[in-house]
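Right, one structure below, let's go through it.
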Amino acid sequence: MSGYEQPGMVEFERAATLAPQPLIDPFGRSITYLRVSVTDRCDFRCVYCMAEDMTFLPKANILSLEELDRLCSAFVAKGVRKLRLTGGEPLVRRGIMTLVASLARHLRSGALDELTLTTNGSQLHRYAADLAAHGVRRINVSLDTLDPAKFRTVTRWGDLDKVLDGIKAAQAAGLAIKINAVALKGVNEDEFETLVRWAHGEGMDLTFIEVMPLGDIGEGRLDQYLPLSMVRARLAERFTLDEIDYRTGGPARYVRVAETGGRLGFITPLTHNFCESCNRVRVTCTGTLFMCLGQEDAADLRSALRASEGNDLLYAAIDEAITRKPRGHDFVIDRRHKRPALARHMSVTGG
Ligand code: SAM
Ligand code: SF4
């Protein structure tokens, strides 16, 4: 310490250099949105997502609720303002409400703008009121069809009535809901208009998603793939779709349906129209950080998390990973690419 420095100055400067820095990637994008898969397990086996005989990760590899809390909180300290819990099915993770209750402190402190989750809705009737009580304001519910038999076929194990009850419970608790529906050739093609009328009639947003080539699911993607341009063209025959300037930093593009007054989104991950505004990264339930949904490159945060009780190693590992966030991705579904573009399943990175 030089003679001119006040006592305590060095400590102050040391603390300042160690203070978690905001996450800005090499392309100048601020990373403010984290999606965390809290489990790879699920009580459904959706045909586009999982094989029926999925092998799940050994429990020992999975981060504990305390570790998930620490990991999320480290990202919040580094400027993440929106946290989405996903999976697998987040609401089948044992003790999930303990994690939600704990993370809610970041909402109360103002460090976090939003704590939300993506769910298949099967457990919502149990948890909707608690979610709302902990400060969750909006959730995404995945639902591809309103036909009970088709619902059973698509999810293999799901019960439509239970999901609809869950949606009612969420509405009663005051949660805003966005329905996500994967557009599936030959499965829900005849229901797009019905889904729009139903979701908007219930005061919910609706987003259609294109099937992505993630993970081996035991059957061909070509059979399922339906370009959203086709979905949109068909809906445009029934409805007036007015372009709106609503963006979430993700791959969704939104229109307002004049006849229903509701918002309708289209997520087309196979196009590159969103990468330049990408503000998000994803962590798996084993603490692997994926900088892009469509790339294999990843960083192991679990080792950093478990190596010490302090967060310096973790911050350093996150910083290093963000320097590797790619400009964009490269999904392909066509006849020359029969294998999935990426070996990992959506239930690992959580969509
Ligand atoms: N289990 C929860 C659910 O279904 O909402 C959260 C996890 S799930 C993996 C997240 C979203 O990914 C769901 O909306 C699901 O429909 C979607 N999804 C899963 N596999 C997909 C695929 N291969 N292509 C496109 N979307 C997929
Ligand atoms: Fe489970 Fe969601 Fe995958 Fe369906 S999409 S199998 S509900 S993780």
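Give me a count of the residues in region 89-108 that are within 16 Å of ligand 2 (Cβ to nearest atom) and open to solvent by 10 Å² or more (accessible area, probe 1.4 Å).
2
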- Query: Within region 239-252, can one find any residue that is touching a Leu at 6+ places or on another chain (Cβ under 9 Å), in contact (Cβ under 8 Å) with a residue 24 or more places away in the chain, closer than 21 Å to Ser142 by Cα and in a loop (DSSP other than H, G, I, E, B)?
  - Reply: no
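Results for (1) hydroxyl-bearing (Ser, Thr, Tyr); (2) farther than 30 Å from Arg70 by Cβ; (3) at pLDDT 95 or above, shown as yes or no for each residue.
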residue	(1), (2), (3)
Val257	no, yes, yes
Phe266	no, yes, no
His272	no, yes, no
Cys278	no, no, no
Arg282	no, no, yes
Leu313	no, no, yes
Arg335	no, yes, no
- Which of the residues spanning region 199-221 are modelled with pLDDT under 85 and open to solvent by less than 40 Å² (accessible area, probe 1.4 Å)? Met212, Pro213, Leu214, Gly215, Ile217, Gly220, Arg221
- Note on the structure: Scanning region 55-93 for residues that are assigned to a loop (DSSP other than H, G, I, E, B) and within 16 Å of ligand 1 (Cβ to nearest atom) gives Phe56, Leu57, Ile62, Gly87, Gly88, Glu89, Arg93
- Message: Please go through region 155-179 and give me each residue that is surrounded by fewer than 22 Cβ atoms within 10 Å (Cβ to Cβ) and either closer than 27 Å to Ala51 by Cβ or hydroxyl-bearing (Ser, Thr, Tyr) (or both), ordered by number.
- Response: Arg156, Trp157, Asp159, Leu160, Asp161, Lys162, Leu164
- Give Val136, Val100 a once-over and let me know the one that is of a type in the set (Val, Ile, Thr), in contact with a His (Cβ under 8 Å, 6 or more places away or on another chain) and without any contact (Cβ under 8 Å) to a residue 40 or more places away in the chain. Val100
- Query: For region 129-237, which helices (runs of 4 or more DSSP H) that fit wholly inside it have 2 or more residues that are within 16 Å of ligand 2 (Cβ to nearest atom)?
  - Reply: 148-155, 160-172
- Item | Count of residues meeting criterion [of a type in the set (Lys, Arg) and in contact with a strand residue (DSSP E or B) (Cβ under 7 Å, 6 or more places away or on another chain)] in region 82-121 | 2
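The values are calculated or read from the model by the stated rules, or taken from the named source; none is laboratory data. Bear in mind that the values here come from a model prediction, so they are computed numbers and not experimental data. For neighbour counting, all protein chains shown are included, and Cβ atoms are generated from backbone atoms with ideal geometry for every residue, glycine included. For the accessible areas, the whole protein counts, side chains as well, though only heavy atoms, and no ligand, DNA or RNA atoms are used. Shrake-Rupley method; radii C 1.70, N 1.55, O 1.52, S 1.80 Å.
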